[in-house]
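Since the structure comes first, as structure tokens, the remarks are kept for the end.
The values are calculated or read from the model by the stated rules, or taken from the named source; none is laboratory data. Here the structure is a predicted model, which means the values were calculated and not measured. Here the Cβ positions follow ideal geometry from the backbone for every residue, glycine too, while neighbour counts run over all protein chains shown. Only protein heavy atoms, including side chains, enter the accessible area calculation; ligands, DNA and RNA are left aside. Shrake-Rupley method; radii C 1.70, N 1.55, O 1.52, S 1.80 Å.
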Amino acid sequence: MGAQDKTPSRLLRGIGAHATITEDDFTPGAWVLSIGGAEQSHVNLAHPEEIFYEYLRRIGNVLDLAAPAGQPLRTLHLGAGALTLTRYLQATRPGSAQAAVELERELLDFVLAHLPLPEGTVLETVIGDARDALSRYEPGSFDAIVLDVFAGADAPEHLTTPEFYAEAAALLSPSGVLLVNVGDDPGLAFCRRQVRALQEGMAGIPGAGLAALAEKSMFTGRYPGNIVLAATAFPWSEEWTAQLLAAGPHPADVLTGERLDVFASGS
């Protein structure tokens, strides 16, 4: 049997594509989850505190600021992937109570079978729609919510509305943060709409803050890529901006206030 035949593979019946897990040839102890031949997640089992994908690293940097170092974070992951951030939080904030919602049961089973979670991880797994799952939880249940389920025009519409963001925001603690990964094409029309939807959805929380994080050139709108939106249940801190700019990956930019409004307007 050839090496290719030994690659773990699972058919995801919901989307009619195969998921595979392959070794990262350049990083010992690391693995890549692909779906339909496209890389989706990267996991370093040897060092889960190391995050390979740039946008996930930016999300991790915000999670680092969400509470004092080492303090557990109650976290909801909408979209499980290979559970990279679940592993990260267990490594950096041991004992964090986490929940992960995944639409594809076969994907979550496949990942957990071949990429086991670190010992001591506290994780509730939920199979179902990300929005439907919100009703399982009481207001204020989470210190962080991470939405990582869509890219551009293929996004499920019911997960892109101000109403959805308001429902998610209601689950945040007073010190909570909502993080949204937005993948988009040049022009960034979808991302700009998501900024506006998130602004409207957070309007019910007095003093709520919002920022957009990305590689600096992404905000020109000339390139495809990922932008992370970070909404806080409290006023955005300029100290956070400085720390996130310093943390990278570089070159980094963080849009807030008027700069973010200009971006959202399409100017």
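As a length-normalised measure over Cα pairs under 8 Å and 6 or more apart, the relative contact order of the chain settles at 14 percent.
Note that the stretch 261-266 has calculated 3J(HN,Hα) couplings of 4, 4, 4, 5, 6, x Hz, one per residue in order, obtained from phi through the Karplus relation 6.51 cos²θ - 1.76 cosθ + 1.60 (θ = phi - 60°); glycine and proline are x. In this Cβ point-charge picture (+1 for Lys and Arg, -1 for Asp and Glu), the stretch 124-195 has a dipole of about 180 debye about its Cα centre.
Would you be so kind as to identify which of T7, F26, V262 lies farthest towards the positive end of the dipole of the chain, taking Lys and Arg as +1 and Asp and Glu as -1 on Cβ and the Cα centre as origin? The Cα lying farthest towards the positive end belongs to V262. The stretch 163-221 and the stretch 222-241 have Cα centres separated by 7 Å.
What the stretch 216-256 shows is 45 Å² of accessible area per residue, with the surface traced by a 1.4 Å probe over protein heavy atoms. Modelled label positions at T7 and S135, each set 7 Å beyond Cα in the direction of Cβ, lie 4.0 nm from each other. Placing unit charges on each Cβ (+1 for Lys and Arg, -1 for Asp and Glu) gives the chain a dipole about its Cα centre, and among F110, Y53, Y223 the Cα reaching farthest toward its positive end belongs to Y223.
Would you tally the net charge around L134, using a Cβ to Cβ cut-off of less than 13 Å, leaving L134 out, and scoring K and R as +1, D and E as -1? Could the numbers behind the result be given before it?
Working: positive: R131, R136; negative: D129, D132, E138, E163, E167.
Its environment carries a net charge of -3.
The angle separating the long axis of helix 238-247 from the principal Cα axis of greatest extent in the chain is about 30 degrees.
Taking all protein chains together, R74, R193 sort by accessible area into R193, R74, largest first [probe 1.4 Å].
In degrees, nearest 10, range 0 to 90: what is the angle between the Cα axis of helix 54-65 and the longest Cα principal axis of the chain? Between the helix axis and the principal axis of the chain, the angle is about 60 degrees. Nonpolar atom fraction for the chain, defined as the carbon and sulfur part of the 1.4 Å probe accessible area, stands at 53 percent.
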